[in-house]
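The values are calculated or read from the model by the stated rules, or taken from the named source; none is laboratory data. Worth saying up front: this structure is predicted, and the values here are computed from it rather than measured. Virtual Cβ from ideal backbone geometry, glycine too; neighbours counted across all protein chains shown.
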Amino acid sequence: MMAGRQVAIAGAGFCEHASKRSDVNMAELVREAIDNCLKNANCELKDIDAFVTGNMPGFEGIGFPELWMTDWLGARNKPLMRVTTGGTTGGSIGIAGYYNVTAGLPGIDNVLVVGFEHQSCGDTSVGLASVAYAEVSLYTKFGLSMEKIQRLFGAGSAIGIASYQAINYMKRSGCTEEDLARVVVQNRHNAAKNWYTHLKMPKLTIEEVLDTPYVSYPLRYGMLTPATDGACAVLFTTEENSKKFTDIPVFVNGVASVSNENAILGYAGSGTGQIDPCEQVGAIESSKLAYSQAGISFPEKEIEYVEVYSPFPNQELQWLERLGLFKENTAHLRYRDGTTAPNGELPVNCSGGVNSTNAIGASGLERIAEAALQIMGKAGNQVPKTVHTALAHSWGGVINLVTLMVMSDKPKRIWKKGDA
Amino acid sequence: MGRLEYVKKEYARTRTVEGKWYLSSCKYKYNITPVKTCFEMLKRRKLVGLKCRGCNHVFFPPKLVCPRCMTMPDKWVGLRETGVVATFTATYDKDEKTGELVPVPIVAVRLDGADTIYTVELNPKIKFDDVYVGMPVKVKWRDGELQGNLSDIEYFDAIEDAGMLIKEPGDAVKK
């Protein structure tokens with residue numbers, strides 16, 4: 001079998017995240033993250049050979065940013081591609097950057113991956129409607145009134161989907177609302193120690209979270225993910241070049257992107273076979289793929305740091321189980337005993353996670369960037385132990401698409417023809 | 001209540017241009033061939049699902065293509081009017097008298113005999129706190145002449161049979 005080139009991450013950069021970055025426009029926001037990334041990697045724009053970019057289409061009210069933002073990206077007369085997969089955009093562009101380098105095209109060694117979202121410019125509900133409107137309009141043909149459709153599927157938008165998952169997860173594992181609040185508190189405390197994050201709440205308590213009203217049972221106002229303006233950039237390069245940019249390069253040893261049947265809304269007005277929304281076959285399948293590429297047989301022992309995509313606290317618990325890091329129905333117990341704290345056995349989301357900062361197109365890429373920075377030892381909220389292997393996860397779609405990236409401080413052994 | 005403080009930084013407001021955008025109408029295309037047969041049966045107060053011959057999964061509402069086998073299921077099977085709640089969530093209605101937000105359950109039901117779920121409303125008399133995963137429910141047909149579409153199923157009602165009312169194992173024997 002032909003194997004591709006070993007891929008390394010040489011640096012990552014962020015811009016300042018906030019709910020309204022009214023001082024910059026979208027292009028300037030992106031430029032901030034790129035400059036930060038180039039500074040961290042001791043790199044210049046002329047060293048970059050190709051670009052990958054992506055954001056959630058429709059959320060900002062401006063279409064096709066790659067067509068008018070080329071100069072601000074620094075991508076003039078260079079190969080540029082855009083990938084958008086909704087919530088997973090960040091994870092997908094990370095994988096696209098990996099593919100660009102591993103393919104070994106002549107002259108393409110250093111690839112800059114940029115994910116961004118300037119949500120305060122546009123109308124998020126219009127963006128979401130562009131995703132779901134086709135399905136919903138079909139139901140008017142099936143004899144349901146618009147009022148009834150709004151009741152049925154208004155409850156099934158982004159927060160509704162999470163609350164379906166939360167209800168089934170709580171039924172399965174016996175975790176309580178207090179456990180969900182504990183996850184939120186850990187994330188917000190971690191975010192306070194990181195320079196670029198959005199919701200910094202250093203003094204938040206579980207009682208304060210449980211005191212906020214329900215948005216959709218069992219999720220309360222205090223547990224929700226914010227809408228953030230922000231951007232993130234990551235430099236993917238080859239094993240040889242990575243040593244020019246950094247002392248400790250991070251090697252990408254496994255990637256996977258698996259989509260499963262969507263839940264709650266089946267396609268074309270039909271039912272869906274995903275009866276339990278927190279079952280997540282896509283996550284289980286993608287973890288099998290990524291771990292086998294990286295040569296990981298015991299994920300619960302070998303992975304030392306994990307960044308999961310969890311806009312809502314129940315998802316953080318659910319992903320940790322589905323990715324094989326904790327036993328089924330025990331993730332909430334690990335939060336009680338402090339295993340997932342920054343100084344614990346398996347630190348989770350030390351950046352504060354998507355729960356504290358959610359610039360949609362950048363969120364998935366920030367998971368990759370944070371996991372890589374933890375291995376390099378340069379993260380904003382650095383864990384005390386040395387991290388050798390880390391996992392970055394991202395999720396999107398109608399509960400279906402999952403992307404994973406396994407990173408390590410050592411390159412994987414590739415057996416070439418003629419070796420041994 | 002409801003306000004959480006966080007470390008906030010204000011940014012200067014510069015160069016803002018207001019704009020409005022009206023979305024145009026879209027024309028979507030769907031193949032609803034399998035749904036037609038199902039709706040004709042609904043008119044006769046019968047529930048039918050479409051069974052895949054490859055994996056024996058039964059789809060209700062019917063699906064054109066089986067996602068596992070990529071074949072077109074073509075075997076119609078009858079379904080019972082009962083089912084279970086697979087998952088649920090809440091939508092919030094405003095009480096006209098008090099102005100309080102009242103949670104109303106929205107459930108995804110798996111009909112007995114089918115392998116898929118779909119979202120429906122429950123009887124408005126059922127309170128949100130009484131709904132649980134695995135709750136047995138049955139179809140409530142609408143009154144009067146049926147139209148032959150999804151509005152024929154008015155809502156799902158909780159099953160109140162003898163088995164449900166037994167609270168202790170000995171109760172049935174005593175009666």
- Task: Can you tell me which residue within the stretch A:362-420, out of those that are in a strand (DSSP E or B) and more than 15 Å from A:Gln293 (Cα to Cα), is modelled with the lowest pLDDT?
- Result: A:Gly396
- Could you tell me which residue of the stretch B:102-122 is nearest to the other protein chains (Cβ to nearest Cβ), considering only residues that are in a loop (DSSP other than H, G, I, E, B) and surrounded by fewer than 20 Cβ atoms within 10 Å (Cβ to Cβ)? B:Asp115
- Considering residues of the stretch A:301-319 that are in a helix (DSSP H, G or I) and either within 14 Å of chain B (Cβ to nearest Cβ) or in contact (Cβ under 8 Å) with a residue 40 or more places away in the chain (or both) only, the residue farthest from B:Asp112 (Cα to Cα): A:Glu302
- Query: Is it fair to say A:Ile296 is in a helix (DSSP H, G or I), among the hydrophobic types (A, V, I, L, M, F, W, C) and surrounded by fewer than 24 Cβ atoms within 10 Å (Cβ to Cβ)?
  - Reply: no
- Message: Considering only residues that are facing chain B (nearest Cβ under 7 Å), at pLDDT 90 or above and buried (at least 23 other Cβ atoms within 10 Å of the Cβ), which ones fall in the stretch A:141-185?
- Response: A:Ile167
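From the list A:Thr228, A:Thr237, A:Thr246, which one is more than 8 Å from chain B (Cβ to nearest Cβ), under 22 Å from A:Val383 (Cβ atoms) and of a type outside the set (D, E, K, R)?
A:Thr246
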- Item | Cβ pairs under 6 Å, 6+ apart, first in the stretch B:30-44 and over 13 Å from A:Ser270 (Cβ atoms), second among the β-branched types (Val, Ile, Thr) | B:Met41/B:Val48
- Task: For A:Met69, state whether it is more than 23 Å from A:Val252 (Cβ to Cβ), in contact (Cβ under 8 Å) with a residue 12 or more places away in the chain and crowded, with 22+ Cβ neighbours inside 10 Å.
- Result: no
- Message: Checking the structure you have, find out if any residue of the stretch A:51-64 is in contact (Cβ under 8 Å) with a residue 60 or more places away in the chain, of a type in the set (Val, Ile, Thr) and more than 14 Å from chain B (Cβ to nearest Cβ).
- Response: yes
- Item | Test: A:Ile360 is of a type in the set (Val, Ile, Thr) and over 30 Å from A:Pro57 (Cβ atoms) | no
- Query: Out of the stretch B:123-161, which residues are within 9 Å of chain A (Cβ to nearest Cβ) and hydroxyl-bearing (Ser, Thr, Tyr)?
  - Reply: B:Tyr132, B:Ser151
- Inside the stretch B:51-93, the number of residues satisfying the requirement of being within 13 Å of chain A (Cβ to nearest Cβ) and either closer than 19 Å to B:Thr37 by Cβ or not in a loop (DSSP other than H, G, I, E, B) (or both) is 26
- Query: Identify, please: which residue in the stretch B:1-42 is among the basic types (Lys, Arg) and assigned to a loop (DSSP other than H, G, I, E, B) and is, among those, nearest to the chain's Cα centre (by Cα)?
  - Reply: B:Lys29
- Output the number of residues of the stretch A:102-127 satisfying the condition of being more than 14 Å from chain B (Cβ to nearest Cβ) and without any contact (Cβ under 8 Å) to a residue 40 or more places away in the chain. 2
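Give, as residue ranges, the helices (runs of 4 or more DSSP H) completely inside the stretch A:84-190 that count at least 3 residues that are farther than 30 Å from A:Leu210 by Cα and among the aliphatic types (A, V, I, L, M).
So the answer is A:89-102, A:124-141.
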- Message: The conditions are (1) in contact with a strand residue (DSSP E or B) (Cβ under 6 Å, 6 or more places away or on another chain); (2) surrounded by 15 or more Cβ atoms within 10 Å (Cβ to Cβ); (3) closer than 21 Å to A:Glu279 by Cβ; (4) of a type outside the set (Lys, Arg), and B:Cys52 fails exactly one of them. Which is it?
- Response: (1)
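Name the residue that is farthest from the other protein chains (Cβ to nearest Cβ), counting only residues in the stretch A:195-224 that are assigned to a loop (DSSP other than H, G, I, E, B) and without any contact (Cβ under 8 Å) to a residue 12 or more places away in the chain.
Only one residue fits best here, namely A:Lys203.
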- Query: Among A:Phe251, A:Phe236, which is among the aromatic types (Phe, Trp, Tyr), buried (at least 23 other Cβ atoms within 10 Å of the Cβ), at negative phi and part of a strand (DSSP E or B)?
  - Reply: A:Phe236
- Message: Among the residues of the stretch A:73-82, are any more than 14 Å from every other protein chain (Cβ to nearest Cβ), surrounded by fewer than 21 Cβ atoms within 10 Å (Cβ to Cβ) and in contact with a Gly (Cβ under 8 Å, 6 or more places away or on another chain)?
- Response: yes
- Message: For the stretch A:72-83, give me the residue count where each residue is assigned to a loop (DSSP other than H, G, I, E, B) and touching a residue at least 24 places away in the same chain (Cβ under 8 Å).
- Response: 5
